[in-house]
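The structure that follows is given in the form of C-alpha cells.
Taken together, the values in this text are just the output of simple stated rules run on the coordinates, not laboratory data. For clarity, every value in this text was computed on a predicted model and none was experimentally measured. Cβ placement follows ideal geometry from the backbone for every residue including glycine, while neighbour counts extend to all protein chains displayed.
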Amino acid sequence: MTKPVITPNLGTLSQFRAPSMTATIMVCTHYRYAINQPSCGKRGGEALLLSLREAATGTDVAVEASCCFGRCTEGAVVRIAPGGTFYHGVIVDDAPNIVRAAKLFAAAIDVVE
Ligand code: FES
C-alpha cells in the first residue's frame, strides 16, 4: 500500500501578490579607491542615497544602496528596479524627479500585470 501524498494548499499566485506593485530605487554607493578610477561613491552616491530616501518618505517606493553597476565612468548611477531605467550623472537635486519616475514606473507595471 502506498502512502497518500498530502499536498499543501499553496493557493493561487494572486493571493500572495502585493496589492500594488512597488518600485525600488537602487543607488550605487560603491567606491573604487584607485586615484584614476571614477566611482559613484566619489561622485556623491551616499548623499544621493540619503536625499532619495528623504524624497521617497511616505511613498511606496523603496530606496536601497547598491554595489557597482559597471558604469562607473557615468556615475552617480541609479536604477529603478525591477527592470527599470538606468540614470547616469545623477545629483542630489534630481532626487524628487527620480522618485516621481519610480512611482510612475510602479504604476505602469501594475497596469501591465
Ligand atoms: S561605482 Fe557606480 S557603477 Fe561602478
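Among the candidates Val99, Val27, single out the residue that is of a type in the set (Val, Ile, Thr) and within 15 Å of the ligand (Cβ to nearest atom).
Val27
Which members of the stretch 75-104 meet the condition of being closer than 11 Å to Ile25 by Cβ, under 14 Å from the mean Cα position of the chain (by Cα) and in a loop (DSSP other than H, G, I, E, B)?
Passing the criteria: Gly84, Thr85.
For the stretch 48-74, which residues satisfy the criterion of being touching a Ser or Thr at 6+ places or on another chain (Cβ under 8 Å), farther than 12 Å from Met26 by Cβ and assigned to a helix (DSSP H, G or I)?
The answer is Cys72, and nothing else.
Here is a further query. Scanning the stretch 30-41 for residues that are within 8 Å of the ligand (Cβ to nearest atom) and farther than 9 Å from Gly75 by Cα, which turns out surrounded by the most Cβ atoms within 10 Å (Cβ to Cβ)?
The qualifying residue surrounded by the most Cβ atoms within 10 Å (Cβ to Cβ) is His30.
A further question follows. Given the conditions (1) more than 9 Å from the ligand (Cβ to nearest atom); (2) surrounded by fewer than 17 Cβ atoms within 10 Å (Cβ to Cβ), and given that Leu48 satisfies all but one, which numbered condition is not satisfied?
(2)
Could you list, in sequence order, all residues of the stretch 63-89 that are of a type outside the set (D, E, K, R) and out of contact with any Lys or Arg (no Cβ under 9 Å at 6 or more places or on another chain)?
Listed by number, the residues that qualify are Ala65, Cys67, Gly70, Thr73, Val78, Ile80, Ala81, Pro82, Gly83, Gly84.
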